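All remarks here apply to the structure that follows.
Just so it is clear, none of the values below were taken in a lab; they were calculated from the coordinates. Keep in mind that what you see is a predicted model, and the values were worked out from it rather than measured. Every residue, glycine among them, receives a Cβ derived from its backbone with ideal geometry; neighbour counts consider all protein chains shown.
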Amino acid sequence: MPASPPSISSSDDKGAMSHHDVAPPLLEKNAESGSFADSEKATTGAGALGDAAIPDNVLAEYSEEQVAQMGRAFARKYELPNEDDIFARAAVLARSPEHYDHMSLLTEEERLACYDEQYHPLRNMPPKLIAIICAAAMGAAVQGMDETVINGAQLFYPKVMSLGEETQRNDWLKGLINGAPYLCCAGVSCFMTDFLNNWLGRKRVIFWTCVISAVTCLLQAFAPTGTRGWHYLFAMRFLLGLGIGPKSATVSIYLAECSTKKLRGIICMNWQAFTAFGIMWGYVFSLIFYRVGSGAVHGGLNWRLMLASAMIPAVLVLFQIPYCPESPRWLMGKGRYREAYESTVQIRPHRLLACRDLFYQHVLLLEEESLDKPYIKRLGELFTVRRNRNAMLAAFICAFMQQFCAINIIAYYSSAIFLQSGFSEISSLCSSLGFGLINFFFAIPAFFMIDRFGRRFLLLSTFPAMALFLFVTGFAFWIPDQQTRVGIVSMGIYVFSAIYSFGCGVVPFVVAGEVFPLYVRAIGASFFTIVLWGFNFILSVTWPRMLNALHPQGAFGFYAGWNIVGWFLVYFLLPETKQLTLEELDEVFDVPLRKRISYQFLELWPNFQEYVLRRKNVIRQPPLGRHHRLAVKNAEWNDKAEVEQVENI
């Protein structure tokens, strides 16, 4: 049960003030005495650990006085507004955020803000944070709409581009056209993500990639007919990948860096939830334009309008993103602390919480390697430093399994699949719309589950069910009665989509945005998208040929098997990341893989007892990770000295 709102007039809080009062300086020690370096040269034995400090907090080994001095010095060094000694109070709160109710130095208003953040994190969400979420959501919808407008358009454009005949060559060419954006993402655009993020920042990358998406979606509608048509359409869709690749990596980072740890899962999953929203609207526009006549347009107008309609959410982003604040973490990485402060204030419900987060992020970021390292060195450390390598493996598993769980072959080819099972063209589009509706609306429960149950739990609980219903869908094609076959195929696809939506649908982009340390975050996210879009391209190209070679039974069975493999990959190799700050995840991902695999193997029987046999009081091993990082042990608070960490896994 949540705690009651803090009682300000309690006799235990003798120093408590009303919200009309101004909080006095926390300590009598003069904030101006000593330099910034002097105030930061405290060693771990210099102060007693306060009773309220949290052992896992990197500031817990310092006294309140030391932490308050750090906060004052931080504000002084970076010329941040420190009215009413707010950075000293914020630093003490950062040291022990769960014990705000016992801090008489906070005003009533500040303590209530802490209470709401702890127990009602969705209450009083700042308008600028909502604006960021909305802009990111529309950016995701661009990708989703493209996936499904091409689904509807491929019922028409092959006939006017000499691809209508069912031949092996035409199967490959249709797959190549469908997968062209993702070929560009994997081969070209995702490699630009780190450079673009360092140069432009998060929100400018999103803006310019949406410009590219809007223009290329529009240009697809002007494809000529005949054999030249597929060359033009392939080229335009390839250029569309210049918009999709960097945006897909950057939006996840942007959302993760602007959210709090309590809301990070809910906020970051907006990417996939609104990709599903775009998928749904892609089917809607396909149906709207299905019966549009050719008019004076040679080759038909309906499929051209379908392809062009994907520009709508991109245009909406162009009007939204200029009014959003930049990522505070990116600004801190550039040394622009005053701007980072102003940005953080806009995305937190109270200025004290903004000061707390800014200070704590700064302390933790000091432990990371320098953000000014050359790209090649940071790229190398993505694979040679164990903490980064394990994060890369976790992101790879999520990216790989999101593709090989088979969702996108249904998104791209659902109309063709329904046609093959016995539907008419219009019925197949209507059935595909049902798939899109389910994909979006069943993502909604994940908003309430992802931070409560965790990312790992959602994946482990959905992979077996997805495998089962892929088998059901594939084997249904052996049923001779058409009405029965159509019903079971539809049921299998719909249930599979519903299960996917709150599991493998929402988790990967959340994980990609949160697992990497700041200095390699853009590079790591770009590699995540390279893997994601690379396998997306492979699936979209190979599916038409696989369907003809293995028939639906073998093709769906193949991907059902991969869902089973995915369960084991997640169980042994993917740690839980919920309710931790982006920086505290360093400890989680620094555990050697062999140790993690051994630990999870020994946990198989306890997990079976607890989750299958429903037994209570199951004896378990101690947790693997404890957050005992020593972020501020450096006497000068300079960046941590470089240490070679090329460990064997």
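With the charge dipole of the chain set up from +1 on Lys and Arg Cβ and -1 on Asp and Glu Cβ about the Cα centre, the Cα lying farthest toward the positive end among the listed residues PHE502, LEU624, CYS355 is that of PHE502. For LYS334 and PHE222, a Förster radius of 41 Å and the Cβ-Cβ distance give a FRET efficiency of 0.50, rounded to the nearest 0.05.
Could you compute the net charge surrounding TYR290? Neighbours are other residues with a C-beta less than 15 Å from the C-beta of TYR290; K and R count +1, D and E count -1. It would help to have the intermediate numbers written out before the result.
Values: positive: LYS159, ARG291, ARG304; negative: GLU425.
Taking every Cβ under 15 Å from that of TYR290, the sum is +2.
Relative to the current alpha-carbon distance between ILE426 and VAL618, full extension at 0.36 nm per residue lengthens the span by 63.7 nm.
Annotation for region 52-118 versus region 432-482: alpha-carbon center distance of 44 Å.
Sorting 333-343, 522-532 by average packing, meaning the other beta carbons within 10 Å per residue, from highest down gives 522-532, 333-343.
The modelled label-to-label distance between TYR323 and ARG545, using points 7 Å beyond Cα along the C-beta direction, is 4.9 nm. Taking other residues whose beta carbon is less than 15 angstrom from the beta carbon of CYS210, and scoring Lys, Arg as +1 and Asp, Glu as -1, yields +3.
Students often get this wrong, so check it: of LYS77/LYS334; LYS262/LYS334; LYS334/LYS373; LYS203/LYS334; LYS261/LYS578; LYS128/LYS247, which have C-alpha atoms separated by over 18 Å? Going by Cα-Cα distance, LYS262/LYS334; LYS128/LYS247 fall outside the 18 Å limit. Centre-to-centre, using Cα atoms only, region 483-537 and region 320-360 are separated by 30 Å.
Say R0 is 41 Å: what FRET efficiency, to the nearest 0.05, do HIS99 and PHE383 get from their beta-carbon distance? Mind showing how you got there, number by number?
Details: r = 40 Å, r/R0 = 0.98.
After rounding to 0.05, the efficiency reads 0.55.
Rounded to the nearest 20, the size of the Cβ-charge dipole of region 498-594 about its Cα centre is 560 debye, with Lys and Arg at +1 and Asp and Glu at -1.
Counting only DSSP H runs of at least 4 residues, each contributing -39500 (n - 2.57), and dividing by the residue count of the chain, the helix-based mean residue ellipticity at 222 nm comes to -20500 deg cm²/dmol.
The relative contact order of the chain comes to 20 percent, based on Cα pairs under 8 Å that sit 6 or more residues apart. Here the dipole of the chain is about 2060 debye; that uses its Cα centre as origin and unit charges on the Cβ of Lys and Arg (positive) and Asp and Glu (negative). The spread of Cα positions in region 418-560, taken along each principal axis and listed from longest to shortest, comes to 57, 33, 27 Å. For the chain, the residue among LEU239, TYR100, VAL58 whose Cα projects farthest onto the positive side of the dipole built from Cβ charges is LEU239. Taking the convex hull of the alpha carbon positions in the chain and averaging its projected area over all directions gives 30.6 nm². The residues packed around LEU458, meaning those with a beta-carbon under 11 Å from its beta-carbon, carry a net charge of +2 if Lys and Arg are +1 and Asp and Glu are -1.
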